Amino acid sequence: VTVAWSLSDDESDVAGSGCDAQTITSDTSGITITCTATSVGGTTSSSVTIKRDTTGPAIGSATANPGMLWPPNNKMRAVTVSTDPSHAGSGGVVCSIDSVSSNEGGSAHEPDVELTGPLTLNLRAEREGKGSGRIYTAHISCTDAAGNASSGTPTGARAQAQGKKGK
């Protein structure tokens, strides 16, 4: 972001202080730039505050509730994902599930995943007979108020259907 000032007075010369063009090259939560102009008519100042945000939110972890889909009876179960994005910039972070993958193949009862809201979905409580348990993993994206986005598969964004309860 570049801030440039234009100084003029139709009746006299103008001298400025702090009025040279300034470029802000890194993110800031607010930096104030002030230009002071002096002419025969007196002195005046003008200020502008620049907030620069080009960094997307960090997605540290997410939690699926419930995290265990029991019993594995081929029925769809409602799951809610909670996230904890951190962001020092524009705030107003909104997250959503982009996609869901599984460590096991599809089932005869597809679909196995139904997105029902930004952070809600239905997952099929099912597993392969000889497998260690189907693990669903959510891929999440978050966007801040400035439009900066981040995405990833945060730690803990998974739900699992296992063969024996407590296993």
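Taking the stated definitions as given, is residue 63 open to solvent by 70 Å² or more (accessible area, probe 1.4 Å), assigned to a loop (DSSP other than H, G, I, E, B) and of a type in the set (Val, Ile, Thr)? Here the answer is no, as residue 63 does not meet what is asked. Can you name the residue in segment 136-167 that is β-branched (Val, Ile, Thr) and either over 18 Å from residue 101 (Cβ atoms) or open to solvent by 60 Å² or more (accessible area, probe 1.4 Å) (or both) and, of all such residues, is modelled with the highest pLDDT? In this case the residue turns out to be 143.
Applying the set (1) in contact (Cβ under 8 Å) with a residue 40 or more places away in the chain; (2) open to solvent by less than 70 Å² (accessible area, probe 1.4 Å) to residue 100 leaves exactly one unmet item: (1). Once segment 15-29 is narrowed to residues that are in a strand (DSSP E or B) and open to solvent by 40 Å² or more (accessible area, probe 1.4 Å), the residue that is nearest to residue 87 (Cα to Cα) is 29. When residue 83 is tested against the conditions (1) in contact with a Cys (Cβ under 9 Å, 6 or more places away or on another chain); (2) part of a loop (DSSP other than H, G, I, E, B); (3) within 27 Å of residue 124 (Cβ to Cβ), the lone failure is (2).
Total residues in segment 116-135 satisfying the condition of being surrounded by fewer than 16 Cβ atoms within 10 Å (Cβ to Cβ) and either among the aromatic types (Phe, Trp, Tyr) or more than 14 Å from residue 102 (Cβ to Cβ) (or both): the figure is 6. The residues of segment 94-111 that are at pLDDT below 90, touching a strand residue (DSSP E or B) at 6+ places or on another chain (Cβ under 7 Å) and not hydroxyl-bearing (Ser, Thr, Tyr), listed by number, are 103, 104, 109.
The values are calculated or read from the model by the stated rules, or taken from the named source; none is laboratory data. What you see is a predicted model; the values in this text were computed from it and never measured. Glycine gets a Cβ as well: all are built from the backbone with ideal geometry, and neighbour counts include every protein chain shown. These accessible areas exclude ligands, DNA and RNA; they are computed on the full protein's heavy atoms, side chains included. Shrake-Rupley method; radii C 1.70, N 1.55, O 1.52, S 1.80 Å.
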